[in-house]
Amino acid sequence: MKIIEAIRIAGQSLWANKLRSLLTLLGMMIGVAAVIAVVTFVNGINGYVAEKIFNLGADVFIAFKVSPAVTNVDHFLQGEKRKDLTLEDYQAVADACLHCLYVGAALRNQTGNVKYAEQSITDTTVQGITPSMAPIYDTELTEGRMLNAADLKNKSPVAVVGVDVVDNLLGGADPLGHEIRVDGWSYQIIGVGKKKGKTLGQSLDNYVMIPITAYLKQYGVHNNSIRISGKAINAGPGLDLAMDEARVGLRSRRHDRAGADDSFDIETNASLLSIWSGFSQTFFVAMIGIAAVSLVVGGIVIMNIMLVSVTERTREIGIRKALGARSADVLLQFLIESATMSLVGGAVGVLVGVTLAEGVTLAVGMPSAIKLWAVAAGLLVSASVGVFFGVYPARRAARLDPIAALRFEM
């Protein structure tokens, strides 16, 4: 039997029992759709984290009181007892790091309230930074200027704001020179950041950046450990040298004893991303395991329906064998029917998964990235499940005695 003819017969069989075929394919559709959606979201979020959240470059390091990448509870609890990193520590790193192009410091409060006249906006990220953080984070402005050394030295009440602050408070008016109140303190707008958009339903443009000295003046130094960032002159060995110099400067400033552990943590873009990748990989494996259950259930349903189909078509099989069809031809026909059924379910599942992922992206801004390998893998897995679970019914059909099959009556 030719492959094309077997596929045609399989299509006719599926079309003749449309409702049954649809119900049979549901398990396969759900399983493949879940796999595609999970892969799309994981790839999208990984890309977003690398580009937006940990977009530090291969030549940047950050010193923390306690690293956010810590997964050891004992280390975290011990780290919480450390002294906060201060501006003096930042200055020590700036003096010691000869292989650093820039050294900066930052603090942030993610629940700020910003007001202008009678308008207000809440849950604004208030960032206290040194001017050198702008080139480290590649901050771009559309209007005005960035904070400078004079602002830092004088604790100037000036601010660079995100687009949301301008749109929601000033109604499209020229923001430069206007005064806003950040948690009750007045700041003059001197610059507006480039629009970044949303992710996971949260805006990335609802922020206010002020000099870190003004931030500490307003919010105080208690429980305000700064983050010190350094951008090395060169990546690779240059970054290692810069980190070593920063570590020596910090240990000396904080009087860490020789042979004792650091009283701080230093991370790079690669180390932060590796921690995130580990979390996302665990989530990915767990979700794939759940989706695999749907695929197995779908395969069992296909095997059951194919067994029913063999029983219903026993006389047809007998006639085909009587007309010269070999057992291999019958086996191939039923395997192709099973594979076609699961492949159709897989194709529909791919479309549903992609549509679901794109719909969620449009609705809440969750990053997604469709990968061709994921689509190909979904189709391959669905076809393989159909063949695997179709082997037993196909062999049962191929082994039918043509004489007994011709005598069979439903």
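The values are calculated or read from the model by the stated rules, or taken from the named source; none is laboratory data. Just so we're clear, the structure is a prediction, and the values are computed from it rather than from any experiment. Methodologically, a virtual Cβ is constructed for each residue, glycine included, from the backbone with ideal geometry; neighbour enumeration extends over all protein chains shown. Just so you know, the surface numbers come from the protein's heavy atoms only, side chains and all, with ligands and any DNA or RNA stripped out. Shrake-Rupley method; radii C 1.70, N 1.55, O 1.52, S 1.80 Å.
Tabulated data for the structure shown
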quantity: Computed FRET value (nearest 0.05) for Arg20 with Asp123, which takes r as the C-beta separation and R₀ as 35 Å; calculated: 0.10
quantity: Unit charges at the beta carbon, dipole of the stretch 126-194: most positive-side option, Tyr187, Thr139, Val161; calculated: Tyr187
quantity: Exposure of His222 as accessible area (Å², to 10), given a probe of 1.4 Å and all protein chains; calculated: 150 Å²
quantity: Relative contact order (percent, whole number), the chain, Cα cutoff 8 Å, 6+ residue spacing; calculated: 30 percent
quantity: MRE, 222 nm, helices only [DSSP H, n ≥ 4, -39500 (n - 2.57), over the chain, to nearest 500]; calculated: -18000 deg cm²/dmol
quantity: Entry for Cα extents along the principal axes in Å (calculated from the structure that is shown) out of [x] 100, 58, 34; [y] 107, 41, 40; [z] 62, 45, 37; calculated: [x]
quantity: Point-to-point label distance, Ile300-Thr142, nm (Cα→Cβ direction, 7 Å offset); calculated: 5.6 nm
quantity: Gain on full stretching of the segment that runs from Asp174 to Gln110 - 0.36 nm per residue minus C-alpha separation; calculated: 20.5 nm
quantity: Prolate/oblate/rounded label for the stretch 90-201 (Cα gyration tensor, a/c 1.5); calculated: prolate
quantity: Assigned charges on the beta-carbon of Lys, Arg, Asp, Glu; the stretch 174-270 dipole about Cα centre (debye); calculated: 200 debye
quantity: DSSP H segments from the chain that extend 27 Å or more along their own axis, Cα-based, with Kyte-Doolittle mean of -1.0 or above; calculated: 18-48, 269-312, 327-364, 372-398
quantity: Contact order relative to length of the stretch 60-218, as percent, for alpha carbon pairs under 8 angstrom and 6 or more apart; calculated: 24 percent
quantity: Accessible area of the chain divided out per residue, in Å², using a probe of 1.4 angstrom; calculated: 51 Å²
